[in-house]
1. Which fully enclosed strands (runs of 3 or more DSSP E) of region 126-220 have 1 or more residues being of a type in the set (Val, Ile, Thr) and within 28 Å of residue 278 (Cα to Cα)?
2. Just give me the residues in region 221-238 being over 26 Å from the mean Cα position of the chain (by Cα) and either of a type in the set (Asp, Glu) or assigned to a loop (DSSP other than H, G, I, E, B) (or both), in sequence order.
3. Restricting to region 124-138, count the residues that are buried (at least 23 other Cβ atoms within 10 Å of the Cβ) and touching a helix residue (DSSP H, G or I) at 6+ places or on another chain (Cβ under 7 Å).
4. Could you tell me whether any residue of region 279-288 is at pLDDT 95 or above, acidic (Asp, Glu) and over 22 Å from residue 132 (Cα atoms)?
5. Please find, among 17, 23, the residue that is small (Gly, Ala, Ser), more than 10 Å from the ligand (Cβ to nearest atom), surrounded by 15 or more Cβ atoms within 10 Å (Cβ to Cβ) and within 21 Å of the chain's Cα centre (by Cα).
6. For region 4-35, which residues satisfy the criterion of being farther than 14 Å from residue 288 by Cβ and among the small types (Gly, Ala, Ser)?
7. Return the total of residues in region 95-153 being among the acidic types (Asp, Glu) and more than 16 Å from the ligand (Cβ to nearest atom).
Amino acid sequence: MYDMIIVGAGPAGMAAAIYAKRAELKVLLLERATAGGQIINTYEVDNYPGIPGVDGFTLADKFSTHCDRLEVERKDGEVAKAEKDGAGWKLTLDGGEVLETKTVVIATGAANKKLGVPGEEELRGMGVSYCATCDGAFFRNKEVAVVGGGDVAVEDAIFLARLCKKVYIIHRRDEFRAAKSLVTALKACENVEFVYDSTVSSINGKNMTESVTVHNKKTGEDREIAINGIFIAVGIEPNSGTFEGVVEMENGWIKAGETCETSAPGIYAVGDVRTKQLRQVITAAADGANAVTSAERYLIELK
Ligand SMILES: Cc1cc2nc3c(=O)[nH]c(=O)nc-3n(C[C@H](O)[C@H](O)[C@H](O)COP(=O)(O)OP(=O)(O)OC[C@H]3O[C@@H](n4cnc5c(N)ncnc54)[C@H](O)[C@@H]3O)c2cc1C
């Protein structure tokens, strides 16, 4: 029986593991893919204090090395089910293995939102991408589109403008939500064309992406733009499906405040998966620390 099982080894889960280990809890860190979470594919993280301009992979590796230094116990696996088990919790992994724990920290983060248009699923990996840092190099000297208006979309477009012949940025409004400094940098790129007030109707092509059809909401006109690739950056959605019916949620985000306590006793939600104002590495790491502090109090009361 563990004191704590942490589900997900992104920045929030790894920060929780560091605090739990230092609190001398019997803790297990579970991860279904590679430790690091979303930042692994981030070109540059320039706002994590103390390590300016670090690339996402290196930052994730620093978190992971810190866990190893403290000899955090880890396991590969995806949690498929969570059930109440007396005073504690029973977690079933995708392979069927059952783990018992007194507390659970849900650190499952978030994933890219889909557009849900024809061609998106069919051409995924054949010109349709959700990661400019991972796939941008395949489109050197080609023409691509970026969809979205937030920080990630604008960062992606700036990054791609350095590699590609032309970048269209398709945004449903005529103003960007992204930081002003990023928008200024994007506007300075000569090979970027702004396609404002427009939504994507379909992504077209036989075996490869050949074009995107956009609908201008103001003029009502449809336009087909020839492209080789399209990068979708329209936000994120929570990886919370496994815990439906176990903890209360708001549009899929697990309801929890600064203490990270959820509606279920002994379950804490940290990082991007919980209801919060700002989803970043620094707030994810802070949640990891706060959740362990809450859990320590809970474990004392449980005795
Ligand atoms: C392109 C991009 C750029 C970004 N740039 C910045 C930036 O510059 N600065 C910044 O501060 N933030 C940035 N962010 C945001 C930052 O990456 C997130 O806020 C942060 O990663 C959240 O950490 P997390 O641990 O909550 O979740 P995640 O990083 O999403 O990690 C969750 C982990 O849980 C695992 N998991 C999910 N479900 C299960 C399951 N059922 N069982 C086991 N494991 C599971 C996943 O595989 C993943 O490893 C960026 C994000 C993106 C996508």
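1. Strands (runs of 3 or more DSSP E) meeting the threshold: 143-147, 166-170, 192-195, 198-204.
2. Passing the criteria: 221, 222, 224, 227.
3. 2
4. The answer is yes; a qualifying residue exists.
5. After applying the criteria, what remains is 17.
6. Selection gives 33 alone.
7. The number of residues fulfilling the criteria is 5.
Condition check ((1) at pLDDT 95 or above; (2) surrounded by fewer than 17 Cβ atoms within 10 Å (Cβ to Cβ)) across all residues:
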residue	(1), (2)
112	no, yes
119	yes, no
122	yes, yes
143	yes, no
147	yes, no
152	no, no
157	yes, no
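The values are calculated or read from the model by the stated rules, or taken from the named source; none is laboratory data. Keep in mind that this is a model prediction, so the values were computed, not measured. In this analysis, Cβ positions are derived from the backbone assuming ideal geometry, glycine residues included, and neighbour counts consider all displayed protein chains.
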